[in-house]
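A.B. asks: Structure below; questions to follow.
Derivation of every value follows stated rules applied to the coordinates shown; laboratory data play no part. Keep in mind it's a predicted model, so treat the numbers as computed, not measured. Glycine also receives a Cβ, built like all others from the backbone with ideal geometry; neighbour counts cover every protein chain displayed.
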Amino acid sequence: MTFLHYLGVGFTGLIHIFSPDIVVMGGGVSKAFDLLSERIHTVIRRDAMGPFKDVKVVPCKAPVKDRRAQLGAQNNHDFARCD
């Protein structure tokens, strides 16, 4: 088992608890999102319950101190770009 497997399992658990349309991953780990995305989504598609298999995890590249974009993403997917 790798770090990416456990990250995918963690996201799957959060998706089951909160039923989001989208998950925004922030912080330093999001800088490597291109390297992480495929494995995270593979685990979600494999382990998530039916209605949640297609929930997307997207990066938020807003500065760590600027949490407004991440908080806005909770209510509106347009903020998920976090530009």
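A.B. asks: Can you give the FRET efficiency to the nearest 0.05 for ILE22 and ARG45, using r as the Cβ-Cβ distance and R₀ = 22 Å?
C.D. replies: According to the calculation, E is roughly 0.90.
A.B. asks: Same structure, new question: If each residue of separation counts as 0.36 nm, what is the full-extension length gain between LYS53 and VAL9 once their alpha-carbon separation is subtracted?
C.D. replies: Roughly 14.6 nm would be gained on extension.
A.B. asks: Just to check I understand the Karplus step: with θ = phi - 60° and J = 6.51 cos²θ - 1.76 cosθ + 1.60, what whole-Hz values come out for segment 33-45, glycine and proline as x?
C.D. replies: Once θ is set to phi - 60°, the couplings for segment 33-45 become 3, 4, 7, 9, 3, 4, 5, 4, 5, 4, 5, 4, 4 Hz.
A.B. asks: List every residue whose amide H lies under 5 Å from the amide H of VAL23, counting only residues 5 or more places away in sequence or on a different chain, with H placed 1.01 Å from N in the peptide plane.
C.D. replies: Amide H neighbours of VAL23, under 5 Å, 5+ apart: LYS56, VAL57, VAL58.
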